[in-house]
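One structure below.
The values are calculated or read from the model by the stated rules, or taken from the named source; none is laboratory data. Just so we're clear, the structure is a prediction, and the values are computed from it rather than from any experiment. A quick note on method: Cβ atoms are made from the backbone with ideal geometry, for glycine too, and the neighbour counts reach across all protein chains shown. Just the protein is used for accessible areas: all its heavy atoms, side chains included, with ligands, DNA and RNA removed. Shrake-Rupley method; radii C 1.70, N 1.55, O 1.52, S 1.80 Å.
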Amino acid sequence: GFTLAEVLITLAIIGIVAAITLPSLLVNVNEKAWDAQKKALHARMAQAIGQMNMLDGYGTYMEDEEGAVTEDTAAESFILDALSKVYKINNVCGAGKLSACGVPSKIATLGGEAEISFPMKMSDLNATLFNGYKYDSEDGGIVDTKAAAFETVNGESVAVFYNPKCGSNSSINHHVQNRLCVNFVYDLNGNDAPNEVGKDIGFIMVLYRKNSSVVAPMPYFVDSSTAAPSYTDSSDLSDAANVCKMQGEDLRLPNIDEMAGVFVNATLLNFDAEKYGYWSSSIVSTGSNGLAWSMAYTGRRYQDKRNLQYKVRCIYK
């Protein structure tokens, strides 16, 4: 048999071990549940977007001669007149009323780096979208619309950043500003904690008004070329994929549309291009002098020779 003292000591040890291990186990369980919920939400949204013929032109956006916005119904109209026809929605909240749909007022950026106010308009996602690169052409442009929001039947809160002037994918070298149609920033559990990007908060971005590309990358929280000490701050394309592998087996190089998603959501992701280009995995042509797509700090995408030195921001597989 055991003495009372031995039993108490054993129970104390079990309690200490449980106190140490249970929080990490709960975090792992939550992260797996969030990952599954993210993938399901992405799949549903991609299916809904695929059922739309066109993504541009919804709502009204008007400015006066001084540039002040006099009317902005773009995002709310997109939800009511387009998305709700192909996606089941519980509740819709207009600009300035996002909290009524469970959107939190404060969130933590990727990796818990900083607490910020939840973005309220397109430029809050990345000011560079409008910092001298506000293109407006026959094949697309961008306007700084206010966000609206909705709740899904599964309990997710989704803020919608909508560009009614988005263009097609016909141009070879082009700015993301001209092709960005919709950016969804979602919270899987509304106001409940942790309200942190990369955990319960993420984004789904839609490019091109026809034959749309729907991406939901989740990047590593720093530039991998900077984090990997055996590499310099920039790499050619042959090194770029290796940088991601070195940083982690669960990381990979993003394709060009996924890299665009990182750029558009810079504020959420602690992403600052610092006037450098970034490599993508999208190949244009093969051979020793083959070309690949890169992403510039202005939002422009280029076909570049693969021996150029660019930075790397890896994403999770």
Of 111, 299, 67, the one that fluctuates the most in a GNM where the chain has Cα springs shorter than 10 Å:
67
At 1.4 Å probe size, with the rest of the protein present, what percent of the exposed accessible area of the chain is carbon and sulfur atoms?
52
Which ³J(HN,Hα) values in Hz, rounded to whole numbers, follow from the phi angles of segment 198-212 under the Karplus curve 6.51 cos²θ - 1.76 cosθ + 1.60, where θ = phi - 60° and Gly and Pro get x?
x, 10, 8, 10, x, 9, 10, 10, 10, 10, 6, 6, 10, 6, 5
Where a ≥ b ≥ c are root eigenvalues of the Cα gyration tensor, a/c under 1.5 meaning rounded, otherwise prolate if a/b exceeds b/c and oblate otherwise, segment 51-169 counts as oblate
How much of the DSSP bridge set in the chain is antiparallel, in percent, rounded to the nearest 5?
95
Give, as ranges by residue number, the residues of segment 73-88 whose backbone N falls under 16 Å from the point 7 Å along Cα→Cβ of residue 53.
81-83, 85-86
Nearest 0.05, what FRET efficiency do residue 170 and residue 117 give at R0 = 35 Å with Cβ-Cβ as r?
0.40
At 1.567 mPa s and 4 °C, Stokes diffusion of segment 47-91 via Kirkwood alpha-carbon radius, µm² per second:
110
How large is the accessible surface per residue of the chain, computed with a 1.4 Å probe and reported in Å² as a whole number?
48
Give me the distance in nm between label points sitting 7 Å out from Cα along the Cα-to-Cβ direction at residue 139 and residue 88, one decimal.
4.0
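Which value in Å does the Kirkwood hydrodynamic radius of the chain take, with 1/r averaged over all unlike C-alpha pairs and then inverted?
Kirkwood radius, the chain: 20.9 Å.
If we count every other residue with Cβ under 10 angstrom of residue 48's Cβ, Lys/Arg +1 and Asp/Glu -1, where does the sum land?
For residues surrounding residue 48, the net value is +3.
Top to bottom by accessible area (1.4 Å), largest first, where do 259, 52 land?
Output order, biggest surface exposure first: 52, 259.
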So, R0 is 45 Å and r is the distance between the beta-carbons of residue 308 and residue 9; what FRET efficiency does that work out to, to 0.05?
0.10
To the nearest 0.05, the calculated FRET efficiency linking residue 130 and residue 17 through their beta-carbon distance, R0 being 35 Å, is 0.05
Roughly how many Å² of residue 196 are accessible to a 1.4 Å probe, to the nearest 10?
30
Could you work out how far apart the two model spin labels at residue 64 and residue 249 are, taking each label as a point 7 Å from the Cα in the direction of the beta carbon, and quote it in nm?
6.2
From the phi angles alone, apply the Karplus equation (6.51, -1.76, 1.60; θ = phi - 60°) to segment 50-66 and give each ³J(HN,Hα) in whole Hz, x where the residue is Gly or Pro.
x, 8, 8, 6, 9, 10, 9, x, 7, x, 10, 9, 9, 10, 7, 5, 8
Of the listed pairs 245/311; 210/305; 38/85; 88/146; 146/317, those with alpha carbons more than 25 Å apart are 210/305; 146/317
